[in-house]
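S.K.: Just passing along the structure, written as structure tokens.
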Amino acid sequence: HTRYWRDWSSDVCSSDLRLNHPHIVHALDAGKTDEVCWFSMEFVEGETLQDKLKRRGQLSEREVSELALCTAQALNHAHKSGLLHRDLKPANILIAEDGTPKITDLGLALATEETGKLEKQELLKGTPHYISPEQIKGENVDERSDLYSLGATLYHCLTGKPPFQAESTREILKKHVTEEVLPIATVSGKETNLDATVESLLSKSPEERPANAEALIEILNKLESGGSGGGNQS
């Protein structure tokens, strides 16, 4: 199927075509028609993670562990290719019929070298329940902003709820900046081996999160092999 790129140049569309990873929906072609940049991408039979969460509420520790590792691997590939996602959330993760997760909708994707050239209003783009504090404050973002959004997504998977909820978007954004998340075990009623790692991804300061997606992958692999999880790894 075809999706339309949101307001970004054809140069960024072309950059996305370089992404070829089993956990990223593959872009097949890109172009420009009547001043609209577009790209076509593979069709994935399945559902979004958002739809799965609506059906199931909470996911099992095993499901979340596999989702975390696959998504971290996809982000690592995108980051090493020079792109930030900037809008990672359950609606932008497709779950294929065989259970394979694939991130999609890089409509806010941004070449990493461009982050220092944006105005504050351009940086404040994303989805309120999953956006990083530094995006909200209009600061320059790096890979750790995507890791925050991944953490918010995984928190939702483990607890059945986004990390912060409120009656207005303004209040949700304020909570991302000023409030600490409730411990996962407090919300879900049970502890998992992933709790400390997911909570570290939701640290207000990027310096307190894993240094990058590759560091997160190392943490997740250690958890899988019976080691202990953790936060920042330089």
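The values are calculated or read from the model by the stated rules, or taken from the named source; none is laboratory data. Because the structure is predicted, anything quoted here is derived from the model rather than measured. Cβ atoms come from the backbone with ideal geometry, glycine included; neighbour counts cover every protein chain shown. Calculation scope for accessible area: heavy atoms of the full protein, side chains included, ligands and nucleic acids excluded. Shrake-Rupley method; radii C 1.70, N 1.55, O 1.52, S 1.80 Å.
S.K.: So, taking all protein chains as they sit and a 1.4 Å probe, how much accessible area belongs to residue 131, in Å² rounded to tens?
M.R.: 10 Å²
S.K.: Label-point separation (nm) for residue 97 and residue 205, each offset 7 Å from Cα along Cα-to-Cβ?
M.R.: 4.9 nm
S.K.: Can I ask one more? Pull up all non-local amide H partners of residue 194: gap of 5 or more, or a different chain, and H-to-H distance under 5 Å with H placed in the peptide plane.
M.R.: none
S.K.: Compute and list, largest first, the equivalent-ellipsoid semi-axes of the range 146-234 from the alpha carbon gyration tensor, each √(5λ) rounded to a whole angstrom.
M.R.: Calculated on Cα positions only, the semi-axes equal 23, 16, 9 Å.
S.K.: Quick check for you: with a 1.4 Å probe and neighbouring chains kept, what is the accessible area per residue of the range 124-234, in Å²?
M.R.: Spelled out: the 1.4 Å probe surface of the range 124-234, per residue, equals 45 Å².
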